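The values are calculated or read from the model by the stated rules, or taken from the named source; none is laboratory data. Computed from a predicted model, the values in this text were never measured in an experiment. Cβ placement follows ideal geometry from the backbone for every residue including glycine, while neighbour counts extend to all protein chains displayed. Note: areas computed on protein heavy atoms with side chains; ligands, DNA, RNA excluded. Shrake-Rupley method; radii C 1.70, N 1.55, O 1.52, S 1.80 Å.
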Amino acid sequence: METKDNLNKEVLKVEDLSISFYTPVGEVKAVDSICYSLHENEIMGIVGESGSGKSVESYGIMGLLQSPGKVKKGKILYKGKNVLDFDKNQMRQFRGADCSMIFQNPMTCLNPVYTIGNQLMEAVLVHKKISKDEAYKKAVRMLELVGISNPERRMKQYPHELSGGMRQRVMIGMGLICEPDILIADEPTTALDVTIQAQILELIKRVQMKNKMSVIFITHNLAVVAQICDTVSVMYAGRIVEQGTVDKIFYNPSHPYTKGLLKSMPRIDDKDANRLESIEGTPVDMLNPPEGCGFSTRCEHCMNICLRKEPPMVEVEKGHRSKCFLHIKEVVNGR
Ligand SMILES: Nc1ncnc2c1ncn2[C@@H]1O[C@H](COP(=O)(O)OP(=O)(O)OP(=O)(O)O)[C@@H](O)[C@H]1O
Ligand SMILES: [Mg+2]
């Protein structure tokens, strides 16, 4: 996909990745045949409603899927090597040092029985050959960088002694302390108030630019995407339905679902604030998804073929792809 700098190297390539949960009542296709490339220095947003597969996809990359979840098919290529073939040691190196993740809920990552300092130092000691003294200094510097005042005192505190905002900052520090090539940030600011949210976005952007890091930024919030992302993948019911640069997705959305998402977002330049619309219908039942296009049951343009066949991904313009039969003239003319 086109990025802000086409010369940037590809760091991560996800090829035809499917992840399913094999539950007693049937297979849940949480992630279904998704493809994308992430380049050095690129911030890619993943947007989509709750349950569309955003977190499961990132757990798949990090090798953190829990039973009954399994990668069903596909490849996750990090600098050309398939992460799915990594042994335990390679995976340990990859997770943390090459690619790290900020989780949706900080308490799933912070251990309540260890101090903040202990956990930050441990994260770096596992991956880098440095002394405890150096690790301590690095941890203190990281706390400063993520905007925590009095870091030496905070190092001695336990997670429950910190506010939600501070815990989130510590998590971001844990994600960044090993200077990974890729950061996956899963809704890192959802639980925070708007001011702290803005500060955290700024922080991620600052570190990303300094380290030329690639970021996968998962969010419900399109305004956040517009603010910090270069490219966007829009997910619906386990599939990527539209991909492109932020400008292309925002100014020329092609998929009916993306158009619906944008209409439901308040805009400063929109004088008629009453026109905010919601997308009709309910999200897909992932145990019994529709046969053809996942969005067909909610789509105002639904044609017969959409109920039977899965639409192909169509390049609507350079660096902009959308998975919809409306882009195929022969189908639209023949309906
Ligand atoms: N342990 C599980 N067993 C069965 N299905 C699961 C399990 N975990 C996740 N799923 C299914 O995977 C789908 C994707 O879930 P995921 O958590 O990735 O959604 P999400 O896009 O991150 O949503 P949110 O925005 O709410 O975080 C869901 O529809 C859910 O039904
Ligand atoms: Mg999630």
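Quick notes on this structure:
- So Ser50, is it open to solvent by 20 Å² or more (accessible area, probe 1.4 Å) and of a type in the set (S, T, N, Q): yes
- Residues of the stretch 83-118 classified as at pLDDT 95 or above, part of a helix (DSSP H, G or I) and more than 21 Å from Leu12 (Cβ to Cβ), total: 3
- Checking the stretch 33-53 against the condition returns a match, with at least one residue being in contact with a Phe, Trp or Tyr (Cβ under 8 Å, 6 or more places away or on another chain) and of a type in the set (Val, Ile, Thr).
- Residue within the stretch 64-82 that is among the small types (Gly, Ala, Ser), within 29 Å of Lys318 (Cα to Cα) and surrounded by 14 or more Cβ atoms within 10 Å (Cβ to Cβ) present: yes
- Only one of the numbered conditions (1) outside any helix (DSSP H, G or I); (2) in contact with a strand residue (DSSP E or B) (Cβ under 9 Å, 6 or more places away or on another chain); (3) within 16 Å of ligand 1 (Cβ to nearest atom) is violated by Leu192, and that is (2).
- Qualifying residue in the stretch 137-159 (condition: open to solvent by 50 Å² or more (accessible area, probe 1.4 Å) and in contact with a Phe, Trp or Tyr (Cβ under 8 Å, 6 or more places away or on another chain)): yes
- None of Lys156, Lys205, Lys132, Lys128 is more than 24 Å from Cys99 (Cβ to Cβ) and in contact (Cβ under 8 Å) with a residue 40 or more places away in the chain except Lys156.
- In the stretch 286-334, residue surrounded by the most Cβ atoms within 10 Å (Cβ to Cβ) [restricted to those that are part of a helix (DSSP H, G or I) and in contact with a Phe, Trp or Tyr (Cβ under 7 Å, 6 or more places away or on another chain)]: Cys306
- Options Lys79, Lys54; residue that is basic (Lys, Arg) and within 16 Å of ligand 2 (Cβ to nearest atom): Lys54
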